[in-house]
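Chemist: Encoded as structure tokens, here's the structure I'll be asking about.
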Amino acid sequence: MGTVSRLVRVAKVGEIPVGRGKSLEVEGVPLAVYNVGGGQYRALEGSCPHEGGPLGDGALLGDRVVCPWHGFDFDVRTGACDVAPDLSVTVYPVRVTNSDVLVELP
């Protein structure tokens, strides 16, 4: 049998401004949640694999988040890192239900 995923509430709709992110930890998992506009949110691993920078504090430039510590950037849709492809991060599915932003954790 496969692993059952679970939905975890990470924010209220409107709590994270468009183009901004939020760093948080859910059940020991560091997350970075971004409001990418149009009612859409993205969630990815919260720590930069380079040296652990807080990705939720990074700048969102289009579909890329830039780590505030050393400028490594990650695609918020795929987790791919252009600077060092071996440093990609995990991306988690996000759902918006009523006024809650929910992240699907494995």
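The values are calculated or read from the model by the stated rules, or taken from the named source; none is laboratory data. Remember, predicted model here, so these are calculated numbers, not experimental data. Cβ placement follows ideal geometry from the backbone for every residue including glycine, while neighbour counts extend to all protein chains displayed.
Chemist: Do we find that THR78 is among the polar types (S, T, N, Q) and either at pLDDT below 95 or in contact with a Leu (Cβ under 7 Å, 6 or more places away or on another chain) (or both) in this structure?
Modeler: Considered against the rule, which asks whether it is among the polar types (S, T, N, Q) and either at pLDDT below 95 or in contact with a Leu (Cβ under 7 Å, 6 or more places away or on another chain) (or both), THR78 comes out as no.
Chemist: Of the numbered conditions (1) surrounded by 16 or more Cβ atoms within 10 Å (Cβ to Cβ); (2) more than 12 Å from the chain's Cα centre (by Cα), VAL91 fails exactly one; give the number of that condition.
Modeler: All conditions are met except number (2).
Chemist: Out of the residues in the stretch 56-93 meeting the condition of being in contact (Cβ under 8 Å) with a residue 12 or more places away in the chain and among the β-branched types (Val, Ile, Thr), tell me which one is farthest from LEU7 (Cα to Cα).
Modeler: It comes out as VAL83.
Chemist: If you go through the stretch 17-36 one residue at a time, how many are surrounded by fewer than 15 Cβ atoms within 10 Å (Cβ to Cβ), without any contact (Cβ under 8 Å) to a residue 24 or more places away in the chain and of a type outside the set (Gly, Ala, Ser)?
Modeler: The qualifying residues number 3.
Chemist: Now a separate question. If only one of GLY52, GLY39 is loosely packed, with under 12 Cβ neighbours inside 10 Å, without any contact (Cβ under 8 Å) to a residue 60 or more places away in the chain and either under 16 Å from LEU102 (Cα atoms) or of a type outside the set (Phe, Trp, Tyr) (or both), which one is it?
Modeler: Being loosely packed, with under 12 Cβ neighbours inside 10 Å, without any contact (Cβ under 8 Å) to a residue 60 or more places away in the chain and either under 16 Å from LEU102 (Cα atoms) or of a type outside the set (Phe, Trp, Tyr) (or both) holds for just one of GLY52, GLY39, which is GLY39.
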